[in-house]
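Notes for the one structure printed next.
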Amino acid sequence: MAHRWTNDLTRDDVTPKALYLNRRQWMAGAGAMLGAGALGGRARAQGDMELNSFEDITSYNNFYEFGTGKTDPSNYAHALTTSPWSIEIDGLVDNPGTYSFEDIVEGQTIEERIYRLRCVEAWSMVIPWHGFELADLLTRVGVQEGARFVAFETLVRPEEMPGQRRAILDWPYREGLRLDEAMNPLTILATGLYGEAMPNQNGAPIRLVVPWKYGFKSIKSIVRISLTEEQPEATWNMQNPREYGFYSNVNPNVDHPRWSQASERRVGGGLFSSRIPTRMFNGYEEEVAHMYEGMDLSEYF
Ligand code: MTE
């Protein structure tokens, strides 16, 4: 499929410009970063987009199926069997069915996308994902008229996921997007990062990445995608609707009831651990703000 990103890289220098790069641009801008030498290192992609290291990205995680600690996923996720893997696609689609991971990725153009990830807990990272647009998959399976939302589920396998042996959350982990959000070109299904297959702790073998929303919307290790008419259940929203909205767009002007969302801590130590201002829609306003025109974002938070 065509890349739609080239022009974005010529934007005003005042704002960070490497919001996303396709693979070729990324390779040109960052040299041989995908080689082994890049792993564990910190490298400058372009402008002020300082990539987090492979180490940061794979050792400081939220994946409650493995426990609530930041190092539980890296300690326990190696036990997760990720092959074979299949995803059930159902609801208002022309071609429902159980698709193997291989079926899903076959024929997709895998591209690099360097995105900021902003957790609702007010830490953030910059991650070089690779994957493909969710829109491509939805188009392939055929979205039927009447579908207004897309629902996602993570697997339930307490034998391999120690966090699921306790009722920390109402398993399976569930998330959802409005159909236009799901079809937005920024929304990807990621199959890896830093040129490696997706590490288990980051949501192997396939996870959602929605960069303008708080990180909890980016559901990991997906086994089901359903096209629905009604707004689907979403784990954190069900857990505490006062604290976590269905939309959960990154918004520095709407605080979490228990903490400010005006700034964030960039994970990674040294200079970059100082707090930086949080940006509206996590810096992707130009690409996504039009979807929320006329909505009161403090009501639909
Ligand atoms: N997906 C599942 N299935 N379970 C989770 O606990 N945590 C979410 C999200 N996806 C989570 C999940 C949260 S809170 C964040 S911030 C991101 O994953 C973290 O992604 P990362 O660990 O790859 O940085």
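See the values below:
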| quantity | calculated |
| --- | --- |
| Every pair of residues 6+ apart whose Cβ atoms lie under 6 Å, when the first sits in region 221-245 and is assigned to a loop (DSSP other than H, G, I, E, B) while the second is open to solvent by 80 Å² or more (accessible area, probe 1.4 Å) and more than 13 Å from the ligand (Cβ to nearest atom) | E229/R148 |
| Of residues in region 95-154 being among the acidic types (D, E) and buried (at least 22 other Cβ atoms within 10 Å of the Cβ), the one nearest to E181 (Cα to Cα) | E133 |
| Cross-chain or 6+ apart pairs with Cβ under 9 Å, region 79-90 first and free of Cβ contacts under 8 Å to residues at least 24 places away in the same chain, then part of a helix (DSSP H, G or I) and open to solvent by 50 Å² or more (accessible area, probe 1.4 Å) | P84/E102 |
| Per-region count, region 161-176, residues farther than 16 Å from N240 by Cα and open to solvent by 50 Å² or more (accessible area, probe 1.4 Å) | 2 |
| Among residues of region 55-71, those that are within 10 Å of the ligand (Cβ to nearest atom) and open to solvent by 30 Å² or more (accessible area, probe 1.4 Å), counted | 6 |
| Tally of residues being within 11 Å of the ligand (Cβ to nearest atom) and surrounded by fewer than 19 Cβ atoms within 10 Å (Cβ to Cβ) across region 72-94 | 0 |
| Those residues of region 250-264 which are touching a residue at least 60 places away in the same chain (Cβ under 8 Å) and either in a loop (DSSP other than H, G, I, E, B) or under 13 Å from N282 (Cα atoms) (or both), in sequence order | V250, S260, Q261, S263, E264 |
| Residue list for region 168-217, filter: of a type in the set (S, T, Y) and either outside any loop (DSSP other than H, G, I, E, B) or near the ligand (Cβ under 10 Å from one of its atoms) (or both) | Y173, T191, Y214 |
| Qualifying position, being open to solvent by less than 40 Å² (accessible area, probe 1.4 Å), away from the ligand (no atom under 13 Å from the Cβ) and not aliphatic (A, V, I, L, M), among T235, T228 | T228 |
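The values are calculated or read from the model by the stated rules, or taken from the named source; none is laboratory data. Note that the coordinates shown come from a computational prediction; the quantities given were computed from them, not determined experimentally. For neighbour counting, all protein chains shown are included, and Cβ atoms are generated from backbone atoms with ideal geometry for every residue, glycine included. Note: areas computed on protein heavy atoms with side chains; ligands, DNA, RNA excluded. Shrake-Rupley method; radii C 1.70, N 1.55, O 1.52, S 1.80 Å.
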